[in-house]
Amino acid sequence: MTTLRRVWIASAIYAAVYFILGIDRYVTYRSGADLGVFTQSIATVFHGFSNTLEGGSHFTFHFSPILYLCAPLLLAFHSPLALVAIQSIACSLVAPPLYSIARRRMPENLAFGVALVALLYPPLAGVTFTEFHEIGFAPATALGLLWAVDARRWGFAALFAAVALGIKEDQAAILAFAGAFGIVYYLRVRDRAGVAFSAGLVASAVAIFVFFFSVVRPLAGATDAWHPLHFYAWDRVVDSRGTTPWWSFGRPAYFLEAMLPLAFACLSSPMFVLALPGFAECLLSHESLAYTMGQHYAGAWIPYVLGAFAFGIARIYARRPRAATIVLRTSIGLCIAILLFASPTHWGHFLGPRTAHHAALDRVLAKLPPDLEVGTHDELYAHLGFDPNASIGLSRNPRYALFDRTYDSAAWVNEVRPQLQRGLAAGRYRLLSSDDGIDLYERVGS
């Protein structure tokens with residue numbers, strides 16, 4: 001069996017494992033709002049690509065035409081688990097291009113070790129295991145682009161660049177930076193083909209970025225400021241999402257969580273510079289969620305850190321082959337230890353056995369009409385993505401409200417439950433049915 005085939009088998013195992021874990025998370029009602037958002041958006045692929053949480057088309061928030069490719073599988077299986085499978089597969093594909101990059105510079109066994117580190121890398125596990133998000137396509141796509149450029153396969157490089165630019169608008173900014181880096185590098189080595197491709201990459205990235213804000217957002221119905229800017233609104237002193245001061249220890253701790261599993265070897269390669277825009281996107285936010293490991297935001301910098309790791313191991317191998325083996329084994333050990341004892345996926349919280357209460361939730365959801373105007377909380381909204389009228393909470397004044405009294409979260413306890421209690425006290429809602437603590441209410445006078 002060739003080593004490359006072993007890499008593909010390892011990737012397939014990775015995808016299968018995380019899909020199984022994702023199934024457990026979903027059927028035990030521990031999936032969050034994003035799964036509902038993307039199910040609702042993609043399920044309305046022919047009707048505006050909209051969802052109730054964002055209040056309209058997803059394209060007013062992000063430029064993500066790649067999501068159209070998810071629609072056939074989601075509609076065919078009619079289950080959010082299709083998106084869980086897609087993300088598991090997408091993240092598993094980081095290994096083959098990384099192996100190919102490493103194999104050009106080191107023996108097969110070391111190159112296989114580099115690919116194995118990628119599949120064990122805890123930040124990637126966090127992106128794979130969290131709710132579906134378009135940024136889950138970025139790690140493998142960006143590494144495919146790095147492989148193609150490294151191998152001077154310019155046609156494939158253009159293809160991967162086009163896919164990356166269709167993932168999310170932040171990829172345009174990241175690729176513009178990478179293209180500028182490439183121009184400087186290829187000018188120094190007098191590589192005309194490299195300069196031409198890098199210049200084309202910058203031009204394409206800038207064009208897509210401008211196109212999104214000047215054409216796509218207005219056509220999608222955007223009438224106000226771009227919502228993601230709230231992540232960088234430093235004038236907001238208090239924020240329910242978790243505002244933190246610029247000197248917060250969480251930022252260097254986040255960077256340390258990214259570097260430690262790789263034994264800091266990625267820092268030995270100049271390629272690490274390509275990870276800086278992705279880190280800036282996370283670390284410059286005033287909201288701690290953006291630099292919390294286990295969230296999808298890490299997908300912006302992960303491919304460039306892993307690419308720098310491959311180049312870093314290659315540099316070490318060129319000087320001291322035995323040291324490269326030691327660093328690689330150390331990295332594998334650190335990744336395994338972190339996944340087992342300090343995983344950003346929080347296995348204990350999100351995984352568990354099915355219970356009778358989960359069966360009761362299944363019964364209640366199965367009885368709901370397909371287009372019910374219902375407000376609920378995150379974990380139930382994740383199961384109602386095919387209902388275009390389902391929403392989170394009561395802010396949309398829905399005709400029906402469905403809540404699980406056993407559910408426990410800060411947003412539910414501090415915001416939604418008091419709002420529901422006030423509505424009941426004022427006679428605006430009345431209880432229709434209750435099953436094992438799962439209550440369905442109707443707005444009075446609907």
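We did not get these values from a lab; they are worked out from the coordinates using the rules stated. Here the structure is a predicted model, which is why all the values come from computation and not from measurement. Positions of Cβ are backbone-derived with ideal geometry, glycine not excepted, and every protein chain shown enters the neighbour counts.
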### Task
Name the long-range amide H neighbours of residue 429: under 5 Å, sequence gap of 5 or more, or other chain; modelled H, no Pro or chain starts.
424, 444
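Take the alpha carbon gyration tensor of region 356-443, find the square roots of its eigenvalues, order them as a ≥ b ≥ c, and report rounded if a/c is under 1.5; if not, report prolate when a/b exceeds b/c, else oblate.
Since a/c stays below 1.5, the shape of region 356-443 is classed as rounded.
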### Message
Could you tell me the relative contact order of region 1-136? Use alpha-carbon pairs under 8 Å, at least six residues apart, and round to a whole percent.
### Response
34 percent
### Message
Output the 0 to 90 degree angle, nearest 10, between the alpha-carbon long axis of helix 33-43 and the longest principal axis computed from the alpha carbons of the chain.
### Response
90 degrees
### Query
Do you know the relative contact order of the chain, to the nearest whole percent, from alpha carbon pairs under 8 angstrom that are 6+ apart?
20 percent
### Message
Please report the spacing between the Cα centers of region 84-154 and region 1-42 in Å, no decimals.
### Response
15 Å
### Task
Could you give the C-alpha radius of gyration of the chain expressed as a fraction of 2.2 N^0.38 Å, taking N as the number of residues it contains?
1.03
### Task
Treating the Cα atoms of region 1-95 as identical point scatterers in vacuum, please give the log10 of the normalised Debye intensity I(q)/I(0) at q = 0.20 Å⁻¹, two decimals.
-0.99
### Task
Express in whole angstrom the spacing between the alpha-carbon centres of region 180-224 and region 325-350.
36 Å
### Query
Can you give the angle from 0 to 90° between the axis of helix 3-27 and the longest principal axis of the chain, with both taken from C-alpha atoms, to the nearest 10?
20 degrees
## Note on the structure
Exposure-ranked with fewest Cβ neighbours within 10 Å first, 38, 386 stand as 386, 38
#### Entry: Residue-by-residue Karplus 3J(HN,Hα) for region 250-255, coefficients 6.51, -1.76, 1.60, Hz, glycine and proline x
x, 5, x, 5, 4, 4
## Note on the structure
Fewest-first ordering of 234, 8, 412 by Cβ atoms within 10 Å yields 234, 8, 412
### Task
Report the antiparallel proportion of the DSSP beta bridges in the chain as a percent, rounded to a multiple of 5.
75 percent
## Note on the structure
The correct pair for region 283-361, radius of gyration to one decimal and Dmax as a whole number, both in Å and from Cα atoms, is 18.5, 62
### Task
Assign one of three labels to region 94-349, namely rounded, prolate or oblate, based on the Cα gyration tensor with a ≥ b ≥ c the square roots of its eigenvalues; rounded applies when a/c is under 1.5, prolate when it is not and a/b is larger than b/c, and oblate otherwise.
oblate
### Message
Could you list 439, 362 so that the one with the fewest beta carbons within 10 Å of its beta carbon is first and the one with the most is last?
### Response
362, 439
#### Entry: Mean Cα-pair separation over length for region 94-349, i.e. relative contact order, pairs under 8 Å, 6 or more apart, %
29 percent
